[in-house]
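Following: one structure in structure tokens, then a few remarks.
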Amino acid sequence: MSPWPVKVNTINGQSPLKITKTRHGTDYDYNYSFYADNLDHKISSSISIDVPKVYKADHQISFMFDQNLPALKKTDKTATKDKIPTAKLASTSHPKRDESKSGQKTQDPDALISQAKKQSEDVKKEEVELAAQRLKQNQKNRLDNEYNERMFYYVMLGGIICLIILIVACVFFVLSIKNNKI
């Protein structure tokens with residue numbers, strides 16, 4: 001997965017105010033804060049999910065908060081972002097959490113199935129392309145290895161012939177010196 005597989009683009013009509021990523025063992029918690037005057041209605045959000053070579057999509061989701069929350073404090077409109085009360089959203093890193101509690105809008109099952117089929121076809125297409133590239137590279141490597149093997153034998157044969165010529169030349173040189181001394 002990428003370092004930020006889920007990105008909140010907007011929430012309650014604004015960019016997230018505070019984004020944190022906290023590690024818990026092998027899991028990560030992603031927290032996105034936002035400003036809201038009223039939590040009695042659905043809070044809409046636009047998110048992007050990007051898990052490289054697995055899943056990439058934009059989604060519209062909504063959050064419905066428990067009505068037993070304490071009332072929000074009214075603040076001066078000139079307050080800085082640090083002084084604005086925020087409502088923390090649930091972490092996006094735990095797939096085991098109950099999705100129905102988040103108030104996520106359900107999408108048309110046929111649309112989800114067709115989207116999943118398209119993404120599956122895209123992944124299969126990428127796998128076929130990758131396999132073709134690997135096959136082409138393997139063929140190139142095999143041809144290179146055959147060429148290198150032939151060259152090795154030619155170099156060895158040439159070296160042996162040169163060594164024989166050198167030995168014969170040395171023998172004639174030694175014999176000619178010996179014959180000149182006699």
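The values are calculated or read from the model by the stated rules, or taken from the named source; none is laboratory data. Because the structure is predicted, anything quoted here is derived from the model rather than measured. Backbone-built Cβ (ideal geometry, glycine too); neighbour counts: all protein chains shown. All accessible areas refer to the heavy atoms of the entire protein, side chains included, with ligands and DNA or RNA removed. Shrake-Rupley method; radii C 1.70, N 1.55, O 1.52, S 1.80 Å.
For E126, what accessible area in Å² do you get when you roll a 1.4 Å probe over the heavy atoms of the protein chains, rounding to the nearest 10?
Spelled out: E126, probe radius 1.4 Å, area about 90 Å².
Residues with beta-carbon under 14 Å from that of E129, excluding E129: net charge, scoring Lys, Arg +1 and Asp, Glu -1?
Around E129, the surrounding residues sum to +1.
Quick one: accessible surface of Y35, probe radius 1.4 Å, all protein chains present, in square angstrom to the nearest 10.
That residue has around 50 Å² of solvent-accessible surface.
With every protein chain left in place, what is the accessible area of V128 in Å² (1.4 Å probe, nearest 10)?
Accessible area, nearest 10 Å²: 100 Å².
Modelling each spin label as a point 7 Å along the Cα-to-Cβ direction, I'd like the S176/A131 distance in nm, to one decimal.
6.9
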